[in-house]
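Peer 1: After the structure tokens below, expect a handful of questions from me.
The values are calculated or read from the model by the stated rules, or taken from the named source; none is laboratory data. Bear in mind that the values here come from a model prediction, so they are computed numbers and not experimental data. In this analysis, Cβ positions are derived from the backbone assuming ideal geometry, glycine residues included, and neighbour counts consider all displayed protein chains.
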Amino acid sequence: MITAVHTLIYSDDPEATRAFLRDVLGWPFVEHPESERGWLIFKTGPSEMGVHPTSGTFEGEAYSYPLHHLVSLMCDDIEATVAELEARGAEFSGPPEDTGFGVGAKLKVPGAGEILVYEPRHPEAYSLT
């Protein structure tokens with residue numbers, strides 16, 4: 001029986017990325033006792049997974065993406081979330097923008113690039129029982 005989804009972020013600076021997730025996002029964690037010191041595994045809260053096509057047409061425009069996987073963070077109020085995270089030292093690439101499926105902003109994660117934080121407009125699956 002599947003019990004959870006385990007996501008991975010690959011980082012050029014894992015210590016900085018882990019510190020950001022721990023200190024700025026405030027995520028609880030466990031430390032892996034059999035790995036090097038500081039190898040943290042974070043509790044990320046409820047999750048859901050979507051499956052998107054690699055190619056097709058949307059609103060009359062053709063698109064094509066390579067096979068890949070993506071992590072996004074969901075929130076209830078994008079403006080309040082951006083303000084809260086910025087107060088903790090987080091940086092965003094720009095202000096929240098309409099993404100079609102919600103309103104989102106790209107959060108700069110030290111050593112790991114950007115992660116979309118968004119307030120969804122789509123039905124949410126993570127609260128299903």
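Peer 1: I'm trying to understand the selection: among the residues of region 34-64, which are of a type outside the set (Gly, Ala, Ser), more than 19 Å from the chain's Cα centre (by Cα) and over 21 Å from Asp13 (Cβ atoms)?
Peer 2: Matches in region 34-64: Glu34, Pro53, Thr54, Thr57, Phe58, Glu59, Glu61, Tyr63.
Peer 1: What's the number of the only condition in (1) in contact with a strand residue (DSSP E or B) (Cβ under 7 Å, 6 or more places away or on another chain); (2) closer than 18 Å to Val5 by Cβ; (3) among the aromatic types (Phe, Trp, Tyr) that Tyr126 fails to meet?
Peer 2: Just one mismatch for Tyr126, condition (1).
Peer 1: Ser47 - would you say it is within 26 Å of Tyr126 (Cα to Cα), surrounded by 10 or more Cβ atoms within 10 Å (Cβ to Cβ), out of contact with any Lys or Arg (no Cβ under 7 Å at 6 or more places or on another chain) and modelled with pLDDT under 95?
Peer 2: yes
Peer 1: Is it the case, given these coordinates, that Ala83 is under 25 Å from Leu21 (Cβ atoms) and under 13 Å from the mean Cα position of the chain (by Cα)?
Peer 2: Answer is no for this residue.
Peer 1: Which of (1) surrounded by 13 or more Cβ atoms within 10 Å (Cβ to Cβ); (2) touching an Asp or Glu at 6+ places or on another chain (Cβ under 7 Å); (3) within 17 Å of Ile115 (Cβ to Cβ) does Ser93 not meet, given it meets every other one?
Peer 2: (1)
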